[in-house]
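Here the structure is laid out as structure tokens; the discussion comes afterwards.
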Amino acid sequence: NGRNAPAPAGAEEERVGAGPRGEMDGEGEVSPGLFAETEAVAAGWMLEFSCYALCRHFREGRTRDFERSRDTAQAIINGLSKIATHQRKTVYLCQFLTRISEGKTLGYHFESDQRISPLESALSIWKLLEEEQSKPDKLHEDIHRLILIQAVAVHIERGYCKEATEVLERLFAESESNKVIMVTSGCLGVFWRGDGGRVKYFHLCLEYAGGQ
């Protein structure tokens, strides 16, 4: 008659409860729990690949491809129910490179506090990345220091002295401010060339991204 024969007693119960997590429901389909677990694993793989693509496009200066990978990575991150411990570095790296890429776009904001520039926001992400390192190395220290300088220099370059002072107050202790001003003023042309050349710290960021 085209219908399945009645299952032996107890067989239905065995099928519904198949496996330690009840992988199959009564219709032979994947259970919601297993599907959610599989979806999370797949999302993790996609995040890893998007981060790899982001680093590669950043390193090669492929702006459009970078922006596409950035949007993909951000969509995946937004869709995660939680960020697993092993995913933190990947997420932080995506967020860091996104902010560095907008470093000179002072009107772009990543924080609810509109005073915070993209480079200041990048610095906060960089600190999280540093915390993920078991032992900070010279590359991390160099990038940290040069982002600090550039966060001030990007304002000085455009003549925004008031804003540069505010960044100094937010990022540096009073005893360090004068030294930073001198370093920034003296090295502005070296660290951030207005002719489109890359900043020294940008090269270091490229080096970091290339090693991921």
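Here are the numbers for this structure:
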item: In the range 89-106, the residues that are more than 12 Å from SER50 (Cα to Cα), aliphatic (A, V, I, L, M) and in a helix (DSSP H, G or I); result: LEU97, ILE100
item: Test: ILE181 is surrounded by 12 or more Cβ atoms within 10 Å (Cβ to Cβ) and at pLDDT 85 or above; result: no
item: Residue among LYS138, LYS104 that alone is under 21 Å from ARG70 (Cβ atoms) and surrounded by fewer than 18 Cβ atoms within 10 Å (Cβ to Cβ); result: LYS104
item: The range 138-165, residues that are on the phi > 0 side of the Ramachandran plot and among the β-branched types (Val, Ile, Thr); result: none
item: All positions within the range 28-76 that are more than 13 Å from LEU97 (Cβ to Cβ), assigned to a helix (DSSP H, G or I) and of a type in the set (A, V, I, L, M); result: LEU34, ALA36, ALA40, VAL41, ALA42, ALA43, MET46, LEU47, ALA75, ILE76
item: Residue in the range 75-93 that is of a type in the set (Phe, Trp, Tyr), within 17 Å of LEU119 (Cβ to Cβ) and crowded, with 22+ Cβ neighbours inside 10 Å present; result: no
item: Any chance SER69 is surrounded by 15 or more Cβ atoms within 10 Å (Cβ to Cβ) and either modelled with pLDDT under 90 or farther than 27 Å from VAL152 by Cα (or both); result: yes
item: Residues of the range 143-160 that turn out to be under 12 Å from LEU106 (Cα atoms) and outside any helix (DSSP H, G or I), as a count; result: 2
item: Residues being over 23 Å from ARG170 (Cα atoms) and within 14 Å of the chain's Cα centre (by Cα) - total across the range 119-149; result: 1
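The values are calculated or read from the model by the stated rules, or taken from the named source; none is laboratory data. This one's a predicted model, so the numbers in the text were calculated from it and none came from an experiment. For neighbour counting, all protein chains shown are included, and Cβ atoms are generated from backbone atoms with ideal geometry for every residue, glycine included.
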